[in-house]
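Remarks on the structure that follows.
The values are calculated or read from the model by the stated rules, or taken from the named source; none is laboratory data. This one's a predicted model, so the numbers in the text were calculated from it and none came from an experiment. Cβ sites come from the backbone with ideal geometry, for glycine too, and all protein chains shown count toward neighbours. Just the protein is used for accessible areas: all its heavy atoms, side chains included, with ligands, DNA and RNA removed. Shrake-Rupley method; radii C 1.70, N 1.55, O 1.52, S 1.80 Å.
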Amino acid sequence: MLDLVHVRSFVAVATERHFGRAAAKLSLSQPPLSRHIMLLEGRLGVRLFYRARTGVTLTPAGQTFLTEARRLLNQAQAAELSVRARTEEPEGTIRLGFYGAAAFRLLPRVILAVRDRYPRIRLDLKELDAAGQREAFAFGRLDMGLVRPSPQPDGLRTDIVLRERLVVAMPANHPLARRRTVRLAQIDGLPFIGYSTDAPYMHDLIRRTLSAHAVAPDVVQGMAQARAILSLVGVGLGVAILPAHARFAGGDGVVFRPLAPAPDMALTHLIGIEDPGRPILTLVRDVVRDVGRALEQDGDPPPALHRGTVPLHLPHSGSKGRPRA
């Protein structure tokens, strides 16, 4: 079996092309380093270096072995980091971006789950819309982000972590509130509060849903944030279609009903950097996926009234860097 110390010595000499420099890099004297290479060549039964006074060069066998040696050392390092991550209490800070509506349900569950599993991992939360998160990743200010599907910088890992059903929100005294389920056709022609183009994913998803069923409500207002939409529903301005977790935002006088036929679900992506040297990234990514799966398995509650308090606070839909639903 190969000795990793010998393999590491070989890679150092192959990189430096000089025994003296390689020995200094490894904090060794030259005789032990030379012995490591001799033992490795004996183990492999091949000559790895051509030696000269000015330095060394790799033999064809050495060139072949260098690729495998580097791969072997990387695998050994990854195994070590993995074991440490599971046997030592992980710690560190992860900068996590999130869109506004994630705070209704997903984000609080993630915070609690991370705190429960890894009490020494800290989440540094940054409320940013998709454009704000793209900029933050570009300047190295985020490690992970919860976003609606949207174009993201190259090199980021993307996982679907939550699928939400769409529901219709309406004033409690609305005639459709007496129904257990609302059919999309029943929204046709009704005063409707939609998502503005400042929330492009939800705007397009609901537009496609209505168009696919030839439904044309009377759009009286478009807003970028779910909380603002619910404020307008609560004062009787119209009905709205939102992701199911918007019901946890509350809203005095607002009720939610399932839609039939069930439209496409609203997705949440977890995007983030990948860094083998920071195993806490993988740990937190796994937590977010687990939380998302648990929320999906919970399903939607019975279509009873869901009351709360949503103040009539309407943020400027064009304000830069505001969270989008």
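The table below gives the values:
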| item | result |
| --- | --- |
| Those strands (runs of 3 or more DSSP E) lying entirely in the range 194-303 with at least 2 residues within 24 Å of Leu142 (Cα to Cα) | 266-272 |
| Close pairs (8 angstrom Cβ cut-off, 6 or more residues apart or separate chains): basic (Lys, Arg) in the range 90-104, in a loop (DSSP other than H, G, I, E, B) anywhere | Arg95/Arg141; Arg95/Leu142; Arg95/Asp143 |
| Odd one out for Phe139, checked against (1) among the aromatic types (Phe, Trp, Tyr); (2) within 18 Å of Arg247 (Cβ to Cβ); (3) surrounded by fewer than 16 Cβ atoms within 10 Å (Cβ to Cβ) | (2) |
| Of all residues making up the range 56-76, the number that are polar (S, T, N, Q) and in contact (Cβ under 8 Å) with a residue 40 or more places away in the chain | 1 |
| Which listed residue is touching a helix residue (DSSP H, G or I) at 6+ places or on another chain (Cβ under 9 Å), within 30 Å of Arg157 (Cβ to Cβ) and open to solvent by less than 50 Å² (accessible area, probe 1.4 Å), from Pro258, Pro243 | Pro243 |
| Residue within the range 276-290 that is under 30 Å from Leu123 (Cβ atoms), within 26 Å of the chain's Cα centre (by Cα) and at pLDDT below 90 present | yes |
| Test for Arg21: is it part of a loop (DSSP other than H, G, I, E, B), surrounded by 12 or more Cβ atoms within 10 Å (Cβ to Cβ) and free of Cβ contacts under 8 Å to residues at least 60 places away in the same chain | no |
| Leading residue by the ranking (farthest from the chain's Cα centre (by Cα)) among those in the range 31-63 that are in a helix (DSSP H, G or I) and exposed (fewer than 14 other Cβ atoms within 10 Å of the Cβ) | Pro31 |
| Candidates Arg227, Arg293, Arg285 - the one that is under 17 Å from Asp159 (Cβ atoms), among the charged types (D, E, K, R) and buried (at least 16 other Cβ atoms within 10 Å of the Cβ) | Arg285 |
| Hits in the range 68-106 (condition: open to solvent by less than 50 Å² (accessible area, probe 1.4 Å), assigned to a loop (DSSP other than H, G, I, E, B), more than 30 Å from Leu242 (Cα to Cα) and out of contact with any helix residue (DSSP H, G or I) (no Cβ under 6 Å at 6 or more places or on another chain)) | none |
| Search result, residues across the range 165-193 that are among the aliphatic types (A, V, I, L, M) and part of a helix (DSSP H, G or I) | Leu176, Ala177, Leu184, Ala185, Ile187 |
| Matching option when the condition is open to solvent by 50 Å² or more (accessible area, probe 1.4 Å) and in contact (Cβ under 8 Å) with a residue 60 or more places away in the chain, among Arg109, Arg120 | Arg109 |
| Among (1) at pLDDT 90 or above; (2) among the polar types (S, T, N, Q); (3) open to solvent by 30 Å² or more (accessible area, probe 1.4 Å) - the single one Gln133 does not satisfy | (3) |
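Matching residues to (1) in contact with a helix residue (DSSP H, G or I) (Cβ under 9 Å, 6 or more places away or on another chain); (2) part of a loop (DSSP other than H, G, I, E, B):
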site	(1), (2)
Arg109	yes, no
Val114	yes, no
Leu123	yes, no
Lys126	yes, no
Gly132	no, no
Phe137	no, no
Gly140	no, yes
Gly145	yes, no
Pro153	yes, yes
